[in-house]
1. Please go through region B:185-197 and give me each residue that is in contact with a Gly (Cβ under 8 Å, 6 or more places away or on another chain) and surrounded by fewer than 21 Cβ atoms within 10 Å (Cβ to Cβ), ordered by number.
2. Which one of these does A:His154 not meet: (1) closer than 30 Å to A:Ala259 by Cα; (2) more than 14 Å from chain B (Cβ to nearest Cβ)?
3. Quick one: how many residues across region A:70-99 are touching a residue at least 40 places away in the same chain (Cβ under 8 Å) and within 14 Å of another protein chain (Cβ to nearest Cβ)?
4. Restricting attention to region B:130-186, report how many residues are touching a helix residue (DSSP H, G or I) at 6+ places or on another chain (Cβ under 8 Å) and over 29 Å from A:Met215 (Cβ atoms).
5. Mind counting the residues in region B:111-141 that are surrounded by 20 or more Cβ atoms within 10 Å (Cβ to Cβ) and not in a loop (DSSP other than H, G, I, E, B)?
6. Considering only residues that are of a type in the set (D, E, K, R) and within 7 Å of chain A (Cβ to nearest Cβ), look in region B:269-289 and name the one that is surrounded by the fewest Cβ atoms within 10 Å (Cβ to Cβ).
7. How many residues does region B:182-228 contain that are more than 9 Å from chain A (Cβ to nearest Cβ) and in contact with a Phe, Trp or Tyr (Cβ under 6 Å, 6 or more places away or on another chain)?
8. Can you run down the residue pairs with Cβ atoms below 6 Å, 6 or more apart or on separate chains, where the first is in region A:203-229 and away from chain B (no Cβ under 11 Å) and the partner is among the polar types (S, T, N, Q)?
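The values are calculated or read from the model by the stated rules, or taken from the named source; none is laboratory data. These numbers were taken from a predicted model, which means no experiment stands behind them. Note: ideal-geometry Cβ built from the backbone for every residue, glycine included; neighbour counts use all protein chains shown.
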Amino acid sequence: MYKILEKTQFSEKVFKFRIEAPEMAKHAHAGQFLMVRANETGERVPFTFADWNPEEGWVEFIFMVVGKTTKMLSTYEPGDAILDVTGPLGQPTVMAPGTTCVIGGGVGLAIAYPVARTLVKTGHEVHAIMGARTKDLLLLEDQFRELLPDDHIHITTDDGSYGEKGVVTAPLERLLQAKAVDEVFCVGPVPMMKFSTLTAEKYGTPITASLNPIMVDGTGMCGCCRVEIDGKTKFACVDGPDFDATKVDWNDLRARQAAYRTEEGQALKAYEEANCACHR
Amino acid sequence: MPQVNGRFVPDMKSPRTPDNEEPAEERAHDFRPVDKGFTKEMALAEAERCMDCKKPLCVEGCPVNIKIPKFIEKIREQDFGAALDIIHEDSMLPAICGRVCPQENQCEGRCIRGKKSEPVAIGQLERFLGDQPELASKPQMKPANGKKVAVIGSGPSGITCAGELARNGFDVTVFEAFFTGGGVLVYGIPEFRLPKAVVKREIDGLKELGVKFEFNSVMGNLANADELLNEKGFDAIYVATGAGLPKFLNIPGENLPNVYFANEYLTRVNLMKANKFPEYDTPTKHAKQVVVFGGGNVAMDAVRTAKRLGAERAIIAYRFTTPRPRASRSCRLSRRSSSSPARTATCAP
């Protein structure tokens with residue numbers, strides 16, 4: 001059992017858990033992830049580390065309510081326990097020295113933040129592009145502002161409710177045009193990563209993407225999280241989750257992410273019906 | 001027990017006792033065990049067939065050299081506790097090995113009776129004893145020697161090693177990546193061939209011997225060898241992480257949704273109970289037509305699982321024309337054609 005020490009709510013659907021896990025906290029690195037099985041009947045779901053503290057013995061992850069498991073997790077409170085948490089898993093993020101542009105879209109900002117923090121710690125100059133559909137879904141702005149000077153933070157919202165109206169590729173293009181960055185890291189929804197990659201490629205700037213396929217075991221045994229990189233099958237759980245974004249087959253990733261849409265809907269509906277206020 | 005001049009005379013006429021199976025048409029719709037195991041009467045009858053060879057080839061065929069004729073002799077004497085004790089001298093896992101060892105390539109494959117008729121059902125006899133663990137004497141434990149061993153992985157290799165070490169006085173901790181013990185025995189082999197309760201019983205037995213289990217522990221990531229040896233005080237590490245990575249065919253389209261490597265398909269159902277979705281959260285596809293590539297035990301487990309998940313047509317495609325695919329007898333493959341290079345075959349569910 002892994003005790004929830006703290007719960008933070010960022011918006012209607014986005015939460016952060018701080019979990020007691022001393023050994024994991026000692027070995028976690030930016031870009032790595034953990035796997036959660038909430039209860040006896042639960043599925044295994046990967047979440048990237050948002051933060052960790054080896055002295056205090058905890059790790060944090062951020063999640064957005066999208067399906068049954070995340071909906072159920074959002075009802076957990078400090079003092080409750082998650083049945084199984086496994087990690088750290090995957091390869092840590094490694095970026096070449098120089099100036100890096102870190103792009104986070106939506107809940108991907110939760111992954112982009114620890115990467116940006118680690119890069120700052122290791123002497124990189126970092127630009128952050130923070131993208132969200134709307135102002136309320138923009139995560140971790142305070143944390144990014146504490147980490148980086150204001151002119152290194154570029155915010156976009158799809159609806160223009162905050163920052164620049166539009167998508168992350170506009171500020172990215174400006175940075176690339178000004179030759180302000182040597183390398184790009186992106187994490188978020190597939191279309192965002194795909195178009196960031198096309199933009200970076202146009203300027204010949206290397207770009208890394210942190211991929212998020214469905215996983216079952218997370219240790220390289222089952223092959224559920226396989227992705228096509230340069231025409232070859234790789235496992236996001238052990239070879240990744242970071243890959244050279246210019247080599248990723250985005251259509252394949254998107255199709256595999258959507259493989260259980262129907263079942264996910266079914267599970268969520270059954271859960272909501274069973275837990276609806278009118279049945280209590 | 002027939003004897004001549006005080007010596008046991010084997011029953012050379014009786015055919016091999018058939019497996020105690022559920023009818024195929026009934027069992028193919030759920031995950032109940034296919035094989036119910038020998039009754040006492042069946043075990044006694046089968047034990048009479050052993051010739052008690054002077055030079056028992058079955059023992060040579062067994063990877064851990066279980067004293068097979070000796071335990072069968074004890075079965076004939078109806079001293080099942082003593083029979084189980086003889087097995088335990090060489091193997092702590094008779095309930096598992098009796099079910100899933102490829103006996104036809106090992107002990108039974110070497111049995112002299114197999115030359116002219118059928119080999120003695122050694123696996124069934126082993127399982128018969130393994131399923132009565134309460135009859136065994138308490139295992140003889142050597143006094144604690146103060147040495148600590150880390151075993152990485154709780155699959156068949158890891159738990160065998162852990163059991164042997166614990167009996168020999170070592171302080172053993174097993175580190176397992178999953179949330180439960182058994183490795184391939186729980187994520188790979190389906191319930192209908194090896195019930196999870198049998199694996200749990202063996203793991204609980206190890207706990208009683210003092211073996212500690214740490215689940216959710218992906219070693220290498222959570223702690224490396226240096227840390228285990230220098231910080232956590234282990235004197236040795238036994239790495240039993242299994243066969244591991246899937247091997248794909250490198251054919252177009254193999255990464256499309258609904259294409260599974262067997263490990264994923266079986267893990268979803270066996271470990272995560274996708275057959276009980278949505279009661280359990282992990283889904284899997286319930287396809288009407290399923291093709292499985294391969295001819296080994298895993299292929300049989302996959303195709304039989306597909307059948308139980310409602311496939312109307314579940315077939316095996318195998319690349320060789322060998323007279324017999326590699327699957328062991330307990331997976332029961334019956335052939336249909338043998339002419340085409342990649343042929344299909346039917347498999348009893």
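1. Listed by number, the list holds a single entry, B:Lys196.
2. Evaluating A:His154 over (1) closer than 30 Å to A:Ala259 by Cα; (2) more than 14 Å from chain B (Cβ to nearest Cβ) leaves (1) as the failure.
3. Looking only at that region, the number is 15.
4. So the count comes out to 15.
5. Number of matching residues: 9.
6. Within region B:269-289, the match that is surrounded by the fewest Cβ atoms within 10 Å (Cβ to Cβ) is B:Glu279.
7. Matching residues across region B:182-228 total 5.
8. As it stands, the answer is A:Ile207/A:Thr197, since those pairs meet every condition given.
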